[in-house]
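None of the figures in this text is laboratory data; all of them are computed from the coordinates on show. Quick caveat, the model's predicted, so the values are computed rather than measured. With ideal geometry, Cβ positions are generated from the backbone for all residues, glycine too; neighbour counts draw on all protein chains shown.
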Amino acid sequence: MSVEDIDDAISLIKDWIEQRGVSDGINTEPTPEEVYFQFTCKDYTEIPFIVAQPKEWKKTILIVSQVDINEDRVKSIESMRPKDRDEFLYNLQKDISFAPANVAFDPSFDKTGIPRGIQFSREICYDGLTEDNLNKAVHDVVKCDLFVIWRIRKEFGNPKE
């Protein structure tokens with residue numbers, strides 16, 4: 001199926017969500033003002049992601065997933081010796097710089113130096129929008145989330161809750 005417009009994109013994405021059995025594959029209503037459409041989903045590992053088309057892009061969709069770092073982990077990072085914290089965060093940033101997805105830290109990171117969330121995203125232009133490319137993009141953003149989760153667990157142990 002060739003994707004030419006927003007309706008084609010929505011149709012392909014809905015079919016993909018249905019056949020993949022992606023839980024919570026819900027068309028977000030009301031749609032946020034800055035997007036044409038947005039689907040909120042979870043993959044089989046229960047990691048949430050969205051599939052959306054920003055209004056600033058006429059023929060591109062965006063797959064986004066975010067790792068939110070809970071307050072206990074933030075406090076653990078803050079309480080590290082500065083040298084250890086700098087090394088941990090440097091290694092984390094270095095490793096995710098090679099991720100197959102775009103990376104963005106929460107806005108407070110530049111001021112505090114402590115991440116509270118890390119967002120991963122992949123873009124797919126209409127001329128490449130296929131079920132296969134949706135699978136790959138979702139896999140990439142979810143894999144990045146899992147990497148951060150595992151890295152934080154390796155450093156600080158499993159969460160109490």
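Computed from the C-beta positions of K58 and K143, the FRET efficiency with R₀ = 25 Å rounds to 0.30. Summarising the overall dimensions of the chain from its C-alpha atoms, the Rg and Dmax are 17.3, 55 angstrom.
With respect to the chain, whose longest principal axis is taken over its alpha-carbon atoms, helix 6-20 is tilted by about 70°.
The residue list L89, T60, V138 was ranked by how far each Cα lies along the charge dipole of the stretch 6-156 toward its positive end, using unit charges on Cβ atoms, and L89 comes out on top.
Please find the FRET efficiency linking N70 to K111, where r is the Cβ-Cβ separation and R0 is fixed at 25 Å, and quote it to the nearest 0.05. E between N70 and K111, to the nearest 0.05, is 0.80. In this Cβ point-charge picture (+1 for Lys and Arg, -1 for Asp and Glu), the chain has a dipole of about 860 debye about its Cα centre. Taking other Cβ atoms within 10 Å as a rough exposure proxy, W150, W16 sort from fewest to most as W150, W16. Once the Cβ-Cβ distance of E155 and K42 is raised to the sixth power relative to R0 = 35 Å, the FRET efficiency obtained is 0.85.
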